[in-house]
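The values are calculated or read from the model by the stated rules, or taken from the named source; none is laboratory data. If you're wondering where the values come from, they're calculated on a predicted model, not measured in any experiment. A quick note on method: Cβ atoms are made from the backbone with ideal geometry, for glycine too, and the neighbour counts reach across all protein chains shown. What goes into the accessible areas is simple: the full protein's heavy atoms, side chains included, and nothing from ligands, DNA or RNA. Shrake-Rupley method; radii C 1.70, N 1.55, O 1.52, S 1.80 Å.
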Amino acid sequence: MERHSIEAELRTETGKGVARKIRRNGLIPGVVYGRGNEPRSIKVDPLDIEKLLHSNAIFDLTFVGEDGEEDEAVVIIKDYQKDVIKQNLLHVDFQFISMDEKITVSVPMHLEGEAVGVRDGGVLQQLLREIEIDALPAEIPEEITIDISELEVGQSLSVVDLDLPEGIDLVTDSDEVIVTVVTPTELIEEEVEEEEEEFLEPEVIGEEEEEEGEEAEEEEEPQE
């Protein structure tokens, strides 16, 4: 697994106004938490992490205090928020980790080969694009490869069929289907069913419940 060194400035001020000021200065607000440690509010350069958001990369993070004092920790990116329109990185959450303790992460699936069923006229459907695993940080794979070359029409491969490296524990339900090959007819029927569901008349709800739903849909500002 990739390992990178970055710096983060510790901050004591929080709030929406502070967050906007941080972003105007070319940085983004963030927080580091986990493993029983006191959460630390930080600001970091988004360019240091933007290309690594989906990689499960390990970071050797150096905290720099206002007095110049430095402290170090090993972390991974746990969550982040982006601007819906511009897709600018707005906020990042890091998690403290230990290289000697397993952590739960999501790992992307990579399909290898051409399915026999596709050559016979079937249509390949990938239903699962990542799985959750427990692993030591240094043993987290960048991706998990699954060979689909022997897959015929009507057949599928599930999580239980994966050949995971030793020491990695599966978190995702083993019965979940990863990929299947269906006939074009089955695919058309499935699309028709989905379209019919979209046009179902919504259930009428009470005025009070409707107001509650509207409040729940309001977008929240990232916590600082």
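Confirm whether Phe63 is farther than 30 Å from Val171 by Cα and in a strand (DSSP E or B). I'd like the intermediate steps shown before the answer.
Working: farther than 30 Å from Val171 by Cα: yes; in a strand (DSSP E or B): yes.
Yes: the conditions hold for Phe63.
Out of contact with any Leu (no Cβ under 9 Å at 6 or more places or on another chain) and either surrounded by fewer than 16 Cβ atoms within 10 Å (Cβ to Cβ) or touching a residue at least 12 places away in the same chain (Cβ under 8 Å) (or both): does that describe Leu53? Let's see the steps before the verdict.
Numbers: out of contact with any Leu (no Cβ under 9 Å at 6 or more places or on another chain): no; either surrounded by fewer than 16 Cβ atoms within 10 Å (Cβ to Cβ) or touching a residue at least 12 places away in the same chain (Cβ under 8 Å) (or both): yes.
In short, no.
Given the criteria modelled with pLDDT of 95 or more, touching an Asp or Glu at 6+ places or on another chain (Cβ under 9 Å) and among the aliphatic types (A, V, I, L, M), does Val92 qualify?
Values: modelled with pLDDT of 95 or more: yes; touching an Asp or Glu at 6+ places or on another chain (Cβ under 9 Å): yes; among the aliphatic types (A, V, I, L, M): yes.
In short, yes.
What is the one condition in (1) in the same structural domain as Phe63 (by the TED database); (2) surrounded by fewer than 17 Cβ atoms within 10 Å (Cβ to Cβ) that Leu89 does not satisfy?
The failed condition is (2).
Out of the residues in the stretch 165-181 that are outside any strand (DSSP E or B) and of a type in the set (Ser, Thr, Tyr), state the one that is least open to solvent (accessible area, probe 1.4 Å).
Our first condition is that a residue be outside any strand (DSSP E or B); within the stretch 165-181, this holds for 165-168, 171-176.
Okay, now just the ones that are also of a type in the set (Ser, Thr, Tyr), so 172, 174.
On the way: Thr172: 23, Ser174: 45 Å².
Here the residue is Thr172.
Going through Glu72, Glu38, Glu13 one at a time, which residue ends up being open to solvent by 90 Å² or more (accessible area, probe 1.4 Å) and part of a loop (DSSP other than H, G, I, E, B)? Please lay out each step first, then the result.
Details: Glu72 fails: part of a loop (DSSP other than H, G, I, E, B); Glu38 fails: part of a loop (DSSP other than H, G, I, E, B).
Exactly one of Glu72, Glu38, Glu13 is open to solvent by 90 Å² or more (accessible area, probe 1.4 Å) and part of a loop (DSSP other than H, G, I, E, B), namely Glu13.
Looking at Lys43, Lys16, Lys21, which is the one that is without any contact (Cβ under 8 Å) to a residue 12 or more places away in the chain and basic (Lys, Arg)? First the steps, then the outcome.
Numbers: Lys43 fails: without any contact (Cβ under 8 Å) to a residue 12 or more places away in the chain; Lys16 fails: without any contact (Cβ under 8 Å) to a residue 12 or more places away in the chain.
Unique residue meeting the criteria: Lys21.
Matching residues to (1) without any contact (Cβ under 8 Å) to a residue 40 or more places away in the chain; (2) within 22 Å of Arg24 (Cα to Cα):
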| position | (1), (2) |
| --- | --- |
| Gly68 | yes, no |
| Glu72 | yes, no |
| Ile76 | no, no |
| Tyr80 | yes, yes |
| Asp93 | no, yes |
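How many residues does the stretch 117-140 hold that are in contact (Cβ under 8 Å) with a residue 60 or more places away in the chain and either open to solvent by less than 60 Å² (accessible area, probe 1.4 Å) or assigned to a strand (DSSP E or B) (or both)? Walk me through how you get there before you give the answer.
Of all residues in the stretch 117-140, those in contact (Cβ under 8 Å) with a residue 60 or more places away in the chain come to 117-118, 121-123, 125, 137-140.
Subsequent filtering for residues that are either open to solvent by less than 60 Å² (accessible area, probe 1.4 Å) or assigned to a strand (DSSP E or B) (or both) retains 117-118, 121-123, 125, 137, 140.
The total comes to 8.
Would you pick out the residues in the stretch 75-113 that are part of a loop (DSSP other than H, G, I, E, B) and aliphatic (A, V, I, L, M)? Spell out how you get there, then give the answer.
Going through the stretch 75-113, the residues part of a loop (DSSP other than H, G, I, E, B) turn out to be 83-88, 97-102, 113.
Val84, Ile85, Ile97, Met99, listed by residue number.
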